[in-house]
Amino acid sequence: MNNNNYTLLDNVTHKDLRVIPHYSADFGDNVASVPVFATELANVIKHYPVLFYPTDKTASDFTMVALLGLEAGENLFLNETLPE
């Protein structure tokens, strides 16, 4: 995803632009796991199970992820209302 068509935001041209304040599978929130960085770990482990997932077939490298679901495209923490 590379878009070189950058533009500065301004309050006149983008007056109707809003942040979507809720989560939904329509917005790509239906994922079974997400990467976790070491700086996030202290907060993430309070809310989600964290595991180390092999990044290659030899299992010599691992990525830390928060587990959100047990099947592809499943997010058991997804609540399509306002975030808590």
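The values are calculated or read from the model by the stated rules, or taken from the named source; none is laboratory data. Predicted model, so just to flag it, every value in this text is computed and none were measured. No Cβ is skipped: glycine too gets one built from the backbone with ideal geometry, and neighbour counts run over all protein chains shown.
Things worth noting here:
- Of all residues making up segment 1-60, the number that are more than 22 Å from A72 (Cβ to Cβ) and touching a residue at least 60 places away in the same chain (Cβ under 8 Å): 2
- Segment 19-70 holds strands (runs of 3 or more DSSP E) entirely within its bounds, and those carrying 1 or more residues that are modelled with pLDDT of 90 or more, within 11 Å of the chain's Cα centre (by Cα) and under 30 Å from L9 (Cα atoms) map to 33-35.
- Test: residue in segment 37-51 that is within 25 Å of S24 (Cα to Cα) and of a type in the set (D, E): yes
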